[in-house]
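So the structure is just underneath, and the comments pick up after that.
The values are calculated or read from the model by the stated rules, or taken from the named source; none is laboratory data. Only a predicted model underlies this, so the values are computations on that prediction, with no experimental measurement involved. Using ideal geometry, Cβ is built from the backbone for each residue, glycine included, and neighbour counts are taken over all protein chains shown.
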Amino acid sequence: MKITVDEILSRCQLFAQVDPVRRNRLAQVAVIRKFAKGTHVFHEGDPCPGVYVVGSGSVRVFKTGPGGKEHVLHMIGVGQTFAEVAAIGGFPCPASAEATAATTTVLIPYHAFRTAISDDHQLCLEMMAGLSYWVKHLIGLMEDIVLRDATGRVARFLLDSQAERDGTIRLPGLKRHIASHLNLTSETFSRTLSRLIEAGLVVEHANGRVELCDRPRLQAASEGFFPLL
């Protein structure tokens with residue numbers, strides 16, 4: 001079944017508190033953009049194209065250092081946005097974005113979005129609730145990196161991932177990209193995931209799917225109680 005622009009926007013965290021009439025106005029100027037796996041959506045330093053909302057698939061947002069090393073800032077899934085900060089602030093893209101799976105997005109073009117927030121202050125107020133969720137997410141990510149060990153970070157990441165209809169979760173990209181996002185080496189991420197598998201907390205299936213077998217114990221692991229008694 002083909003998903004519409006309005007359906008994608010209505011499921012988006014940023015626009016969750018926006019009045020349906022205002023959201024419909026944004027939908028009227030928005031367009032569907034599809035990206036094959038591995039396709040760059042934009043590069044760091046490019047003019048901001050607008051606000052993207054993921055309807056299906058996944059996107060990684062990353063920075064590239066002077067030596068070419070990449071660090072994944074965010075793994076963007078269904079219902080989430082990217083490039084919204086640059087669109088609101090009116091500056092070029094501060095990072096690059098690449099589809100990590102076949103991805104369908106809604107793009108609210110930059111100038112149309114800027115006109116909407118300039119002309120409708122109530123829209124800005126209603127979007128603040130969605131932005132506060134994003135700030136909370138960033139604080140949680142900082143907490144994970146600073147206060148949690150490798151096991152806690154991986155367990156927390158798995159618990160926060162969106163479940164498929166069969167109850168499994170699909171890893172939103174290559175393991176090395178997830179490792180970078182969690183500020184871990186690829187080897188540490190793989191070793192940590194293996195420890196969770198050996199402990200019976202998760203099972204790894206084909207095609208990047210992971211089954212969470214024991215959420216209470218995985219939650220305990222995310223809080224630093226691993227190995228579990």
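The residues of the range 196-209 that are at pLDDT 90 or above and either polar (S, T, N, Q) or crowded, with 18+ Cβ neighbours inside 10 Å (or both), listed by number, are Leu196, Leu201, Val202. Among residues of the range 143-165 being buried (at least 16 other Cβ atoms within 10 Å of the Cβ) and within 14 Å of the chain's Cα centre (by Cα), the one that is nearest to Val59 (Cα to Cα) is Ser161.
Where helices (runs of 4 or more DSSP H) sit wholly within the range 155-229, those with at least 3 residues that are in contact with a strand residue (DSSP E or B) (Cβ under 9 Å, 6 or more places away or on another chain) occupy 175-181, 186-198.
Does Ala101 meet the test of being within 24 Å of Asp144 (Cβ to Cβ), buried (at least 22 other Cβ atoms within 10 Å of the Cβ) and not acidic (Asp, Glu)?
Details: within 24 Å of Asp144 (Cβ to Cβ): yes; buried (at least 22 other Cβ atoms within 10 Å of the Cβ): no; not acidic (Asp, Glu): yes.
No, not satisfied.
Could you tell me which numbered condition Ser10 fails, if it satisfies all but one of (1) buried (at least 16 other Cβ atoms within 10 Å of the Cβ); (2) in contact with a strand residue (DSSP E or B) (Cβ under 9 Å, 6 or more places away or on another chain); (3) among the polar types (S, T, N, Q)? For Ser10, the failing item is (2).
Listed by position, the strands (runs of 3 or more DSSP E) contained in the range 27-113 that have at least 3 residues being more than 13 Å from Cys12 (Cβ to Cβ) and of a type in the set (A, V, I, L, M, F, W, C) are 31-35, 59-64, 70-76. Report whether or not Thr168 is outside the structural domain of Lys37 (by TED's automatic domain parsing) and either buried (at least 20 other Cβ atoms within 10 Å of the Cβ) or of a type in the set (A, V, I, L, M, F, W, C) (or both). So Thr168 fails the test.
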